[in-house]
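Okay, structure first, notes after.
Please treat every number below as a calculation from the coordinates, not as lab data. Worth saying up front: this structure is predicted, and the values here are computed from it rather than measured. Positions of Cβ are backbone-derived with ideal geometry, glycine not excepted, and every protein chain shown enters the neighbour counts.
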Amino acid sequence: MTELSDRLSRLMEVWLSGPMLSIGLTLAAFIAAQWLFTKCRRPLWMPPVLIAAVILAVVVWVSGIGFSQYQQGARWLTVLLGPATVALGVPLYQQMHHIRALWRPILFTLPVAATLAAGYALGIAWLMGASPLVLASLASKSVTAPIAMGITEQLGGSVSLTLGGLLITGVLASLFVDWCAKWLNIKDDRIIGFALGLNGHAIGTARAFEISPMAGAFSSLGMGLTGVFTALFLPLAFMLIA
Amino acid sequence: MVWLWGFFVLVVFFLLGEAVRVVAGLPISGGVIGMVLVTLKLMIRGNITDSLAAASQGLISVLVLLITPGVVGVFFVADQFSGQWLAVAVALVVGTLLSVLTTLWLMSSVAKADDKEAGHDGTQ
């Protein structure tokens, strides 16, 4: 009996010595989350990434693996975020004809709105006495995750807090764009889509594709341009302030 | 293996982005610089290879999977930010509401002004 438990604890050691257990758990949680999400009829307030993260957090905590062990293995997945960020250039190029068609409103709106998307939150958090670490983590809250993670690393914030804030921002932006567009009586899918992508990154874009393919295309565009603009200017602005 | 060449191209552009970041001393992540470079390259070329399209589509479709390990972390850093959660929550909720309103208002006013101008030109 003790021999068996010895062997089991040895198995755990072997499993934890490589990254495959973390990768397997992440894949399992991801697949389970997708399944649950469709099963619950795609609720706007509960995107698959949130479901997967909750499942993983519980498993990692209850099993005693611990977050740092898990994260070490999962790094084999997250390194792919580098080439995945580069890959975002492809849809951006494919949207280029939309940019040409509506370049004036885009050119006027993008720098102001993308700056304010970061600025409002930073101002409020600063007034309420948040620490520099929190401010650096919240700055990229409207930017799509792979780009935001890069920005936060450059600013010296907490990537985990950024991702949490990102998630909440995406869900809220989807709800707020719906309400505000009704209130302002805006029915142009191009404008609604652009606002969804600019403020709500990938989560807003998923919502935009539910409205119409046109809204989806403009949301991808808003997401991509906001990502590029914020990634280029926020670290420079932070460097000047600091 | 149609995507393998495309994946290689993405990795090369990522490495190029890192090179630009380090050599020029920019505070921007190598992935973002690589993305800008790849967009510029495609604009100059004027079209896109099947291989690059397949590789980027594949990676983008699993983006959520790649982000998930980072999101899990937020449940484990909670005490690191104790006492600041109210500031974070208010900043996120009010900040997002204000920026959504600003974007919608700005975009629709500029688009409306453009339409009016176009209509004016049309009557002349």
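Things to note:
- Theoretical FRET efficiency, 1/(1+(r/R0)^6), r = Cβ-Cβ of A:R42 and A:W183, R0 22 Å, to 0.05: 0.35
- Of the chymotrypsin sites (Phe, Trp or Tyr not before Pro) found in segment A:44-99, those in coil by DSSP whose Cβ has at most 12 other Cβ atoms within 10 Å are A:W45.
- Efficiency of FRET between A:L11 and B:V62 - r from beta-carbon atoms, R0 25 angstrom, step 0.05: 0.30
- Dividing the helix sum by the residues of the protein assembly as shown, where each DSSP H run of 4 or more adds -39500 (n - 2.57), gives a mean residue ellipticity at 222 nm of -27500 deg cm²/dmol.
- Counting Cβ atoms of other protein chains within 10 Å of each residue's Cβ and taking the mean over peptide A:127-135 gives 4.
- Phi angles of segment A:181-191 translate, via the Karplus equation with coefficients 6.51, -1.76, 1.60 and θ = phi - 60°, into HN-Hα couplings of 5, 5, 5, 8, 6, 9, 10, 6, 4, 5, 6 Hz per residue; Gly and Pro are given as x.
- Length available on full extension from A:M20 to A:Q69: 0.36 nm per residue minus the Cα-Cα distance, which gives 16.5 nm.
- Overall form of chain B per C-alpha gyration tensor (a/c, 1.5; a/b vs b/c): oblate
- Choice from A:G193, A:G150, A:G73 showing the highest fluctuation, given a GNM over chain A with Cα pairs closer than 10 Å: A:G73
- In terms of its Cα atoms, the protein assembly as shown spans 94, 49, 46 Å along the principal axes, sorted from long to short.
- Exceeding the 24 Å Cα-Cα cut-off - candidates A:K187/B:K112; A:K39/A:K187; A:K187/B:K41; A:K187/B:K116: A:K39/A:K187; A:K187/B:K41
- Gyration tensor (alpha-carbon) shape descriptor, segment A:2-79, a/c threshold 1.5: prolate
- Longest stretch of chain A clear of exposed loop sites (trypsin sites (Lys or Arg not before Pro), DSSP loop, at most 14 other Cβ atoms within 10 Å, sites excluded): A:42-186.
- For chain A, built as a Gaussian network whose Cα springs stay under 10 Å, the top-fluctuating residue of A:L225, A:L27, A:L166: A:L27
- Across A:I55, A:I203, A:I192, mean-square fluctuation computed from a Gaussian network of chain A (C-alpha pairs under 10 Å connected) peaks at A:I55.
- For the residues of B:42-54, the average number of beta carbons from a partner chain within 10 Å of their own beta carbon is 2.
- Segment A:110-221 - convex hull of the alpha-carbon atoms, volume per residue in Å³: 96
- Classified by the C-alpha gyration tensor, segment A:9-152 has a prolate form. Its axis ratio a/c, with a ≥ b ≥ c, is 1.5 or above, and a/b is larger than b/c.
- Mean partner shielding of peptide A:144-153, defined as the number of other chain Cβ atoms within 10 Å of each residue Cβ, is 5.
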